[in-house]
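Worksheet for the structure shown next.
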Amino acid sequence: MGEADLNKERLELALEAAGLDLWENDLVTGNVTRKATKTFLELGFTEEEIVSGVQDIYGLFHPDDVDMVRQSVADHLSGITPQYRCEFRLRAKNGEWVWFANYGRIMDGSSDTPGKRLIGVTFNINDRKQRETEIAQINRQLIEQNRLLQQLNTTLELLAAHDALTGLANRRTLMELGANECKRTERFDHPLSLLVVDIDLFKPVNDVWGHLAGDRVICAVAQACAARKRSGVDIVARFGGEEFVIVLPETDTANAVRLAESLRHDVSVMSVPINEEGARISVTVSIGVATLHKGAGLSFEELVNRADKALYRAKGAGRNTVVCADVHHASATVHVLPSVGDAPDGVFAAT
């Protein structure tokens, strides 16, 4: 056996061991001078079909890959890339698409007719591509699951921080944010005012009209409280039952009392629909006001307690009024709605 034959056998063994299929194309004439026989056999074609029918290799390429392959060849032919490298899908005889990769080089680049000999190897990368596809799909699923989990966490955080009925901040959130506002008051020497708002004689609403009607009244008063909130500044919370707290940073006593009086008046003139039959009722609120100044040494809980005591003074003064914790001897002004129909004790009116 001659040295040339021995080298050919060595080459064929090396290619076989590496899973490579040698081919050669004439880019000038477009002819395939050496077919990638192993590749076509893998695609399910017989040797007779390879010899007789499979000449235009581009006819087997996936339509989405043809331009990319042609561009890769052109880039190498023009010297843009030192080698021809490309990954693509070929159509098997049974119609399936199988991933392969090419690696090649023009062997006559310095001749008068460069491109007559483009020699390279083809190898099957279908398993790798399938794994990549599976991993990509898993990653997409993970991204989607993480997105849904983030949405769920955000929803849970909102639920944990807000009252389910009114959508206002709940008591836990109020106490956390209020404590921070007390620290800001001490740091920046800004007054911090607080309103405790309670619906007067709320129990008769539930007793006469039912708890669903009571919920509608609570929501109506909650909306009236929230309507006075400065976005990003004030805190409006449901403190429990029919009681609400409004935290007013950088607000002195006089302005807090004015806001409380405005809220009290607006609630008193509201007419709340409480059932599908068109019945409506009116309620009133009593409000306690307290203000914190730098150096007072009060915690947020103590500030709430001061406003709460002022609220009960307002209740004792006849309800539907505002009392300030910082004015101990001022007379509270009571505003009582007239009785309508059979409403109990003139506290709420039904129409």
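The values are calculated or read from the model by the stated rules, or taken from the named source; none is laboratory data. Every value quoted in this text rests on a predicted model; they were computed, and no experiment measured them. Backbone-built Cβ (ideal geometry, glycine too); neighbour counts: all protein chains shown. The accessibility values were calculated without ligands, DNA or RNA, using every heavy atom of the protein model including side chains. Shrake-Rupley method; radii C 1.70, N 1.55, O 1.52, S 1.80 Å.
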* To do: Whole number in Å², please: accessible area per residue of the chain, 1.4 Å probe, ligands, DNA and RNA not counted.
  => 56 Å²
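For the stretch 178-268, what D do you get in µm² per second when you plug the Kirkwood radius from alpha-carbon pairs into Stokes-Einstein at 4 °C and 1.567 mPa s?
Values: Rh = 14.1 Å.
Diffusion coefficient, whole number: 92 µm²/s.
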* If only Cα atoms are counted, what is the Rg of the stretch 60-136, and what is its Dmax, in Å? -> 14.3, 47
* 212, 77, ranked by accessible area, largest first (probe 1.4 Å) -> 212, 77
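Using the alpha carbons of the stretch 78-207, what is the convex hull volume per residue in cubic angstrom, as a whole number? Let's see the in-between values first.
Details: hull volume 38.9 nm³, N = 130.
It comes to 299 Å³ per residue, whole-number rounded.
Hey, could you get me the Stokes-Einstein D for the stretch 120-196, Kirkwood radius over alpha-carbon pairs, 37 °C and 0.692 mPa s, rounded to whole µm² s⁻¹? Walk me through the intermediate numbers first.
Details: Rh = 17.5 Å.
The Stokes-Einstein estimate is 188 µm²/s.
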* To do: Would you work out the relative contact order for the chain, in percent, from Cα pairs under 8 angstrom that are 6 or more residues apart?
  => 12 percent
* Structure fact -> What helix-only [θ] at 222 nm does the chain give? Using -39500 (n - 2.57) per DSSP H run of at least 4, over all residues, to the nearest 500, the answer is -14500 deg cm²/dmol
* Put +1 on the Cβ of each Lys and Arg and -1 on the Cβ of each Asp and Glu in the chain; which of 27, 307, 174 then has its Cα farthest toward the positive end of the dipole? -> 307
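Given a Förster distance of 56 Å, report the FRET efficiency between residue 299 and residue 83 from their Cβ-Cβ distance, rounded to the nearest 0.05.
The pair residue 299/residue 83 has a calculated efficiency of 0.15.
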* To do: Would you check the chain for Lys pairs whose C-alpha atoms are within less than 29 Å, ignoring same-chain pairs closer than 8 in sequence, and give me the count?
  => 20
* Which peptide among 243-253, 257-267 comes first, and what is the full order, when sorted by highest mean count of other Cβ atoms within 10 Å? -> 243-253, 257-267
* In the Gaussian network model of the chain, springs joining C-alpha atoms below 10 Å, which of 63, 273, 191 carries the largest mean-square fluctuation? -> 63
* Just name one of 283, 256, 269: the one whose Cα is farthest towards the positive end of the charge dipole of the stretch 232-297 (beta-carbon charges, Lys/Arg +1, Asp/Glu -1). => 256
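Once the piece of chain linking residue 14 and residue 231 is laid out straight, how much longer is it, given 0.36 nm per residue of separation minus the C-alpha distance between them?
Working it through step by step, the gained length comes to 70.7 nm.
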* To do: May I ask for the equivalent-ellipsoid semi-axes of the chain, computed as the square root of five times each C-alpha gyration tensor eigenvalue and listed largest first in whole Å?
  => 88, 25, 16
